[in-house]
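Take a look at the structure below.
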Amino acid sequence: MQTTTSPTQQVDTPSQVRRVRGQPGDLYDLIFRDQQDRIIVPLTEWHRLRKDQGPMSTRKTYLACLQSYFAFLAESGCPWNAPPERLRQTLIAFHRDRLKCQIRPQRDSDTVEITLTRETPLRESTLKVMRAALRDFYLVMKEAGLYAFANPLSSDVLVALKREQERTLANKGAPDQAGIREETYAQSRRRPTAFLRQHQPQGWKPEIRKELADVREGIHKLINAMLESESVSTREKAVLHLLQSTGARIHEVALMTVGGYQNKGIAGQAQVMNKGSYGREVKTIYFAHNPCVQEALNVYLEQMRPLHDPEGRRRLIDIEPSSPLFLTERGTPYSPKAFYWHWYRHYTSLQTLCPVRFAPHDLRHLFVTEYLIKLKLACGAGTEYFDSEKYRSSREAFGKTIMVWRSIHTIDIYDQSREGEAVCSVLAGYQQDLSQRRYASERLMATPPPAKSETPEEHEQQALSLNQETEPLWMHDQETLDWIKSMERQTKHQS
């Protein structure tokens, strides 16, 4: 056996866990030892059991988190398989003392809220991964019969409440397709049961500045400049075309396989790995109606990919379906990291084409924003015939079918952002007027009111009313008004 060091940066701990690599064919590919050179049996066993559950990258990430936790267990003297009541106290101490988080017990739900502080060595996203790793460890060990109690990362109160709520659901046994179950199975699964809960002041929202028309135009200008540049390779152009036309995530496109692209012979579509699909190609992206996408892909597959294929294969039919569609110059699988390297190499010289800085992921937000604009216009926005029900159902179908969002409410965030974009557009126009010393009152006098369409009967009635004498509208004080009326009576009497 040979000793290896962890490639993943961990939280600094006084006692580090040492890793020993096993020989080919061994039951355990890694064995973990503490500072006294004793085998850490639970961590070693979890690593073996986790081998065939999900992608290797997830196991590697979770392992880095669990090593810090087991080092803390050794220092505190708490067994890993202690009852949940004791482990929860250790988990609180781990987040408070080692991760420097602020702890707020929630008595009503038997949970603990965790808030990052300035001293926390982890980012918010990394802390979420830490909690996921801890929960995963005890789930795996319990399923293997190695942990005898309930998962200590779950609140007993919330678990019992979830069971009671699911028991009282109307038509709880009906499938989602029937449409009669009180809530979908996905909604039932998402009911919170976690003992440790991270404080989230507000959810994600798109940046309104990037929703404005000038920024959207600038993003398109910059992307088009890259697509027309001779210094950008045909591979990056194909990836950019897919990102721009499908709204897919960068990893979904960069990690596309030959089989996913061939899509059982259906042209204009491809199967990709969705977020959280554990490496399975379950999401469909569509590009049939943009011939530029297929043209860019054809150029790459015919001219560039054969040069990098280890076997020099030119026809996709000769390549295994599981092989990567995009390759690096060394013939290795392409990756999001490789794309980002090329992106920023070309982006820096072109960034003045857009008023604000943006990243490739912003193409996804741009795709959703501009789709909603076109959908609203198609449903009659700005007219008295706007079909709000059609717009609502169409945008939800778009979120479910095209974007493949887990929640139907994600699309609502973009609609709220569109309302903010309208406010910012008016504000931008007002500030431009101020810069040119044009003010709201002057613009109102200079701009005539919109003409109102009238029927012939209304037009005739208006003409008659204009020919009749109308009583003047007086805007004086009462004393002056009385004097004017008395003068009018004297004039009539004299005549």
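The values are calculated or read from the model by the stated rules, or taken from the named source; none is laboratory data. Since this is a predicted model, take the numbers as computed values, not measurements. A quick note on method: Cβ atoms are made from the backbone with ideal geometry, for glycine too, and the neighbour counts reach across all protein chains shown. SASA here: full protein model, heavy atoms, side chains in, ligands and nucleic acids out. Shrake-Rupley method; radii C 1.70, N 1.55, O 1.52, S 1.80 Å.
Scan region 94-108 for residues that are under 22 Å from N151 (Cβ atoms) and either of a type in the set (V, I, T) or open to solvent by 20 Å² or more (accessible area, probe 1.4 Å) (or both) and report the count.
8
Name the residues in region 194-211 that are part of a loop (DSSP other than H, G, I, E, B) and either open to solvent by 20 Å² or more (accessible area, probe 1.4 Å) or modelled with pLDDT under 80 (or both), would you?
Correct list: H199, Q200, P201, Q202, G203, W204, K205, P206, E207.
Please go through (1) closer than 21 Å to E207 by Cβ; (2) of a type in the set (A, V, I, L, M); (3) at pLDDT 85 or above; (4) not in a loop (DSSP other than H, G, I, E, B) for M403 and return the number of the only condition it doesn't satisfy.
Failed condition: (4).
For region 92-144: of the residues being under 25 Å from T44 (Cα atoms) and among the small types (G, A, S), which is farthest from the chain's Cα centre (by Cα)?
By that ranking, first place goes to A144.
Scan region 229-255 for residues that are among the basic types (K, R) and open to solvent by 10 Å² or more (accessible area, probe 1.4 Å) and report the count.
Looking only at that region, the number is 2.
Out of the residues in region 256-296 meeting the condition of being part of a loop (DSSP other than H, G, I, E, B) and polar (S, T, N, Q), tell me which one is surrounded by the most Cβ atoms within 10 Å (Cβ to Cβ).
N274
Between a residue in region 65-77 that is touching a residue at least 60 places away in the same chain (Cβ under 8 Å) and under 11 Å from F137 (Cβ atoms) and any residue that is open to solvent by less than 10 Å² (accessible area, probe 1.4 Å) and among the hydrophobic types (A, V, I, L, M, F, W, C), which pairs come within a Cβ distance under 7 Å, given they are 6 or more apart or on different chains?
Sorted first by the residue in region 65-77, then by its partner, the pairs are C65/M130; C65/A133; L66/L43; L66/A133; L66/F137; Y69/F94; Y69/L134.
Whether any residue in region 355-363 is modelled with pLDDT under 85, part of a helix (DSSP H, G or I) and among the hydrophobic types (A, V, I, L, M, F, W, C) is what I want to check.
no
Considering E166, E85, which residue is part of a helix (DSSP H, G or I) and at pLDDT 90 or above?
E85
Which condition number does T120 fail, the rest of (1) surrounded by fewer than 17 Cβ atoms within 10 Å (Cβ to Cβ); (2) assigned to a loop (DSSP other than H, G, I, E, B) being met?
Tallying (1) surrounded by fewer than 17 Cβ atoms within 10 Å (Cβ to Cβ); (2) assigned to a loop (DSSP other than H, G, I, E, B), T120 fails exactly one: (1).
Of the conditions (1) modelled with pLDDT of 90 or more; (2) under 29 Å from F339 (Cα atoms); (3) open to solvent by 30 Å² or more (accessible area, probe 1.4 Å), T410 satisfies every one except a single condition; which number is it?
All conditions pass for T410, except number (1).
Is it true that A133 is open to solvent by 40 Å² or more (accessible area, probe 1.4 Å) and either free of Cβ contacts under 8 Å to residues at least 12 places away in the same chain or at negative phi (or both)?
no
Among the listed residues V253, V299, V215, which satisfies the condition of being over 28 Å from the mean Cα position of the chain (by Cα), assigned to a helix (DSSP H, G or I) and touching a residue at least 12 places away in the same chain (Cβ under 8 Å)?
Result of the check over V253, V299, V215: V299.
Working only within region 40-73, note down all residues that are open to solvent by 40 Å² or more (accessible area, probe 1.4 Å) and part of a loop (DSSP other than H, G, I, E, B).
Correct list: Q53, P55.
Looking at region 300-311 only, could you name the residues that are among the aliphatic types (A, V, I, L, M) and surrounded by 15 or more Cβ atoms within 10 Å (Cβ to Cβ)?
L301, M304
Is there a residue being open to solvent by 80 Å² or more (accessible area, probe 1.4 Å), modelled with pLDDT under 95, touching a helix residue (DSSP H, G or I) at 6+ places or on another chain (Cβ under 7 Å) and of a type in the set (K, R) anywhere in region 312-335?
Yes - at least one qualifying residue is present in region 312-335.
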